[in-house]
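The block underneath contains the structure these notes are about, expressed in structure tokens.
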Amino acid sequence: MSPSFFHHLHPPTIPKPQARFSHTLGAGGLAVFLSLTLLVTGALEMFYYVPTPDGAAESVQMLTFLVPYGGLVRNLHFWAAQGLLIVSIIHMVRVLLTGGYAAPRRFNYWLGLGLLALIIFLDFSGYVLRWDEGIRWALVAGTNLIKAIPGIGPGAYRILMGGDAPGPAALVRFYAWHIFGLILLFIIVGVWHIFRVRRDGGIAAPPPKLRQNRERLPRNELVRIEVVAMIVATAVLILISTFFPAPIGPAMSETAPPTAEARAPWFFLWVQQLLKNGDAFFWGVLIPLAVLGLLAALPLIRPSLAPEEIGSWLPKSGRVVQIATLGIILTLLILTLL
Amino acid sequence: MNVTPSSINPTPLSRRTFLELAGKGLLAVSGLLGLGGLSRFFSFQTETAVPQTFALGPAENYPPGSRTFISQAQAYILHTDEGITAVSAICPHLGCSVNLADNSFDCPCHGSRFALDGEKLQGPANRSLRDLSVEISADNQLTLLT
Amino acid sequence: MKRTLAALFLLLAVLTAVWANGRPPAPIPLTPTLTGETEYCLTCHNDLPDISAAHPTAVFGCVRCHGGERLALDADLAHSSMRGGANPSDLAVVEPSCGGSDCHSGAVSADRDHIQRVQTSIQATYAGAIAAVRYAFGVQPDPAAQLGAFAVQDTETNTGVPYLDPFNPAQETHPSILKFSQNCLNCHLSADPLPGGEYDRFTGCAACHTPTQNRAPDQLTHTLTTAIPYTQCNTCHNRGNYSLRDMAFHPRTDEANGRLQDYYQPIGQFTQCEWTLDCIDCHTRSEAMGDGDIHSSQADIQYVQCRTCHGTINEPPLTKTITDPNDIALRLAALNPVIDLQVGDTILVTEQGEPMWNIRQLDDGSLQLTGKVTELTLPFSRVMDTACEQNPDEQESHFCHECHAVEH
């Protein structure tokens, strides 16, 4: 069998112990698969979506209820997006708990963190495109948060929204960011991230001399596994999308009564919880930025990882990083569930 | 490269070949169903054309002998000896708007010609211009139905 | 092997998706000529009859009046933005539902100001009862209306009451007023009715225009009519008495569906008209729906008496011959075509000039009423040239009842 295009995307062989599912959790590969699903389903949605305040919610309803398989396409896009964010976080935690962040992969860890930030912005901008009553207060509160930044707030708000309040200009801007601006950055950084994985020698493993298990996995077998995983993932995603519809609300209306309970999208529930404490700039901007900064600083913690422990779960020399990681994730989880 | 047993064993349809073929076949069926769904997805019509009515104002605005082009309706209103009639200005060939010449409607795109009652004089159009109906209300107002 | 199983799993998932896509009912589109915007309500509601001849579904569709999400095929979402639940005519939402200059909030001159008139009417504001009770217990200095069931304005007042503030029980201290607010606010057009089939009605326009007689509890009904039977009036009127002494409502004790008997106001004597006709055969639109002014008492707005149709010993009832093809009388007759009213017909008019379009004066000078609900043709006579000797200055109905009361 001659190597195909898909074989060429992989190194000829990779270390077998680190290629196991129990080591990678399949999270990176799943993220690539979900990203491709999002590109395809997103492109399909663009054939029906109308980015105007009057047309947006209506076109989403038309897609959801009237276009044959339109509801399936939208649900696939929704669940793939939620899934991408979740598997990206799992991927990051896996990297932090198996020492995958250590040199020479520190830079790629930061690229990955950038991708996570892009995914959150993509999720939020996509959520806003529904432009229905369900997203109204999250949009208002989320964008007013920008205004709370001292000094540059009002200017930044204008740059983001193109006006003084959510309106036609803001919707077109969110649309342009979602389908082009952020996607362009996501593809560039994403390809860079994958390139660096191969450049840095594949999945993190100890230097060859220190390896106890020298077994290697040839790439044609890896591709076979990936194909099976992709088929199964597609099937699971189709089943989820068939039985669990994505949220949708009535068109945004000036005359709608105030909502009984306005909730942020789930990935910002922790920020909504923080904002109940007081000052919007401190709790809504500085603290989330500090969380991101803390995550970015993790690979810099000394002493650095012992080389022979790279590529195994919970290496002893990485205790501080592991405790910090689990601390951050647990805190965010508790704030989300509160 | 691994040499698979099926390539050296000429037995038709070993268990392994069968499974591989079946797998490919199943994938192909899923793919075809997906393509079918995709074509249905794209075939949805978001707009439906509905017959429209146009208020043309009082009948006095269309005196005997007049030939008036109503641009928003793509139609001509003609007041002849037989009364007020309307004919579509849309050429049945490929949809351009025909021009009023001395005694005919001429299509600027491919040269079809029609008589003033809409009847085809010269191709490439293979049909005549469509007749439209005009209603006159009790207070002498004209309404065009397309 | 693994790949074959995976492929089988995928095919099953795809087949499930195909099955799920074919499962919901085929969408039924409707593009009402009035709005031109396609709506899919009929997918589930295809069995609903037109609500009235004047509001055909093909012209109005559903969304123009009811609101809602016209494209949604999910019941919860489709209904989530409907106005007034199942009743878009509730006065809180009536303007977007029934309003519009070509509909029911148009010009006074075109007689299209129904919403403004109803919202200021005594049946909607309940201002008369509120003012009378507060005055009786010394809470306000005079019986002029100050408060209504809701805040309402009349920018061009002819009655000296330019606005009403909302009646708020929390701001009242007198125990009788508090009892009144608890027990006696069940009958204005925005109030939910008392429980029980005999009180069953909707709110807003539908309180009168959607007959609810004999419907099962909570059964929905899709009807609007101007042929309002007396039974609909009876859901509020003639239901019992409000006692000023203990500020409580005492329901009538006789057969609730009976017509007059024990509690009919004011005197318990009835003429044949009151046994045979429906309320709307004599009582006019302005009496029921208001005249655009805010009034302080029902007595200020209700004016039709026996003499309106029968005249007095000196004067015949007022008449008018229809000359204008756009006359309001013809419009009203067209909405409830119990008679074939034509230009040239002579009909009775009230003292205020309102047409009694169902009462014609025939060519021989005789008078004939057609029941707006019953469609009965009832000839009747004027007082002039009869043996009646009733003083023309004493024309309240109780004077007539003294001679003309009948027993059943």
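Taken together, the values in this text are just the output of simple stated rules run on the coordinates, not laboratory data. For clarity, every value in this text was computed on a predicted model and none was experimentally measured. So basically every Cβ, Gly included, is an ideal-geometry build from the backbone, and we count neighbours across all protein chains shown.
At 27 angstrom or more along the helix axis (alpha-carbon based) and mean Kyte-Doolittle of 0.5 or higher, what helices does chain C contain? Whole DSSP H runs only.
Correct list, ordered by number: C:2-22.
Helix A:27-46: angle to the longest alpha-carbon principal axis of chain A, degrees 0 to 90, nearest 10?
So the inclination is approximately 30 degrees.
For a quick check: sort C:Arg83, C:Arg23, A:Arg199, C:Arg112 by the number of other beta carbons within 10 angstrom, fewest at the front.
Placing the least packed residue first, the sequence is C:Arg23, A:Arg199, C:Arg112, C:Arg83.
Determine the calculated [θ] at 222 nm for chain C from helices alone, applying -39500 (n - 2.57) to every DSSP H run no shorter than 4 residues and normalising by the residue count; nearest 500 deg cm²/dmol.
Value at 222 nm, helices only, nearest 500: -7000 deg cm²/dmol.
If I build a Gaussian network model for chain C, linking alpha-carbon pairs within less than 10 angstrom, which residue out of C:Gly290, C:Gly138, C:Gly84 has the largest mean-square fluctuation?
Ranking C:Gly290, C:Gly138, C:Gly84 by mean-square fluctuation puts C:Gly138 first.
Which order results if A:Trp266, C:Trp357 are arranged by neighbouring Cβ count within 10 Å, fewest first?
The fewest-first ordering by Cβ neighbours comes to A:Trp266, C:Trp357.
Under the rule a/c < 1.5 gives rounded, and otherwise a/b versus b/c splits prolate from oblate, where does chain A land using the Cα gyration tensor? Could the numbers behind the result be given before it?
Numbers: a/c = 2.31, a/b = 1.45, b/c = 1.59.
Judged from the Cα gyration tensor, chain A comes out oblate (a/c at least 1.5, b/c at or above a/b).
Can you pull the mean other chain C-beta count within 10 Å for peptide C:76-83?
What the average comes to for C:76-83 is 4.
When Cβ neighbours within 10 Å are restricted to other protein chains, what is their mean count per residue of peptide C:33-41? Can you show the working numbers first?
Values: counts 3, 0, 0, 2, 1, 6, 0, 4, 0.
Per-residue shielding by partner chains comes out at 2.
Just check region A:193-232 against the gyration tensor rule for me: Cα atoms, a ≥ b ≥ c as the square roots of the eigenvalues, rounded for a/c under 1.5, and otherwise prolate or oblate depending on whether a/b exceeds b/c. Don't jump to the answer; show the numbers that get you there.
Details: a/c = 3.01, a/b = 1.53, b/c = 1.97.
Oblate shape, in that a/c is at least 1.5 and b/c is the bigger or equal ratio.
Could you give the spread of the C-alpha atoms of chain C along their three principal axes, from largest to smallest, in whole angstroms?
Sorted from largest, the Cα extents of chain C read 110, 60, 45 Å.
How long are the semi-axes of the ellipsoid equivalent to the protein assembly as shown, from square roots of 5 times the Cα gyration tensor eigenvalues, in whole Å, largest first?
73, 41, 25
Could you work out the relative contact order of chain A? I mean the mean sequence separation of Cα pairs under 8 Å and 6+ apart, divided by the number of residues, in percent.
Values: 368 pairs, mean separation 99.9, N = 338.
Once normalised by length, the contact order is 30 percent.
Placing +1 at every Lys and Arg Cβ and -1 at every Asp and Glu Cβ, with all other atoms neutral, what dipole size does chain A have around its Cα centre, in debye to the nearest 20?
Dipole size: approximately 1540 debye.
Treating the angle as unsigned and between 0 and 90°, give the value, to the nearest 10°, between the Cα long axis of helix B:15-42 and the longest Cα principal axis of chain B.
10
Calculate, in nm to one decimal, what C:Thr33 and C:Leu220 gain on full extension: separation in residues at 0.36 nm each, minus their alpha carbon distance.
64.7 nm is the gain from fully extending C:Thr33 to C:Leu220.
Kindly state, to the nearest 0.05, the FRET efficiency for C:Glu402 paired with C:Phe380, given R0 = 22 Å and r defined as their beta-carbon distance.
Given R0 = 22 Å and the Cβ-Cβ separation, E is 0.70.
For chain C, with the dipole built from +1 on Lys and Arg beta-carbon atoms and -1 on Asp and Glu ones, taken about the Cα centre, which of C:Cys306, C:Gly371, C:Ser89 lies farthest toward the positive end?
So the residue furthest toward the plus end is C:Ser89.
Of the options A:Phe78, A:Ser125, A:Pro104, report the single residue whose Cα projects farthest towards the positive end of the charge dipole of region A:1-135 (beta-carbon charges: Lys, Arg +1; Asp, Glu -1).
Among A:Phe78, A:Ser125, A:Pro104, the one farthest towards the positive end of the dipole of region A:1-135 is A:Pro104.
In peptide A:230-237, how many Cβ atoms from other protein chains are near each Cβ within 10 Å, on average?
Per residue, the average neighbour count from other chains is 6.
Arrange C:Thr157, C:Thr43 by Cβ neighbour counts within 10 Å, fewest through most, would you?
C:Thr157, C:Thr43
Using only the Cα atoms of region C:288-407, build the gyration tensor, take square roots of its eigenvalues as a ≥ b ≥ c, and label the shape rounded, prolate or oblate: rounded if a/c is under 1.5, else prolate if a/b is larger than b/c, else oblate.
Verdict is oblate for region C:288-407.
Towards the positive end of the charge dipole of the protein assembly as shown, with charges on Cβ (+1 Lys, Arg; -1 Asp, Glu), say which of B:Gln52, A:Phe268, C:Ser105 has the farthest Cα.
It is A:Phe268.
Mean residue ellipticity at 222 nm from the helices of chain A, using -39,500 (n - 2.57) per DSSP H segment of n ≥ 4 over the full residue count, to the nearest 500 deg cm²/dmol?
Computed mean residue ellipticity for chain A: -19000 deg cm²/dmol.
Which of A:Leu305, A:Leu222, A:Leu72 moves most in a GNM of chain A, Cα contacts under 10 Å?
Checking each option, the largest mean-square fluctuation is seen for A:Leu222.
Taking the simple approach of a point 7 Å from Cα along Cα-to-Cβ for both A:Ile287 and C:Arg252, what is their distance in nm?
Modelled inter-label distance: 6.6 nm.
How large is the charge dipole for chain B, taken about the Cα centre, if only the Cβ atoms of Lys, Arg (+1) and Asp, Glu (-1) carry charge, to the nearest 20 debye?
1400
Specify the residue with the greatest mean-square fluctuation among A:Ile301, A:Ile328, A:Ile248, computed from a Gaussian network of chain A linking alpha-carbon atoms under 10 Å apart.
Highest fluctuation of the listed residues: A:Ile301.
In degrees from 0 to 90, rounded to the nearest 10, what is the angle of the helix A:287-297 Cα long axis to the longest principal axis of chain A?
Relative to chain A, helix A:287-297 is tipped by roughly 20 degrees.
If each of A:Ile159 and C:Arg331 carries a label point 7 Å out from its Cα toward its Cβ, how far apart are those two points in nm?
Those two pseudo-labels are separated by 5.9 nm.
Could you calculate the FRET efficiency of B:Ser14 with A:Phe195 from 1/(1 + (r/R0)^6), where r is the beta carbon distance between them and R0 is 30 Å, rounded to 0.05?
Step by step, r from the Cβ atoms, then E = 0.15.
Might you report the magnitude of the Cβ-based charge dipole of the protein assembly as shown about its Cα centre, with Lys and Arg at +1 and Asp and Glu at -1, to the nearest 20 debye? Could the numbers behind the result be given before it?
Working: 57 positive and 77 negative charges, 1924 e Å.
So the magnitude is around 9240 debye.
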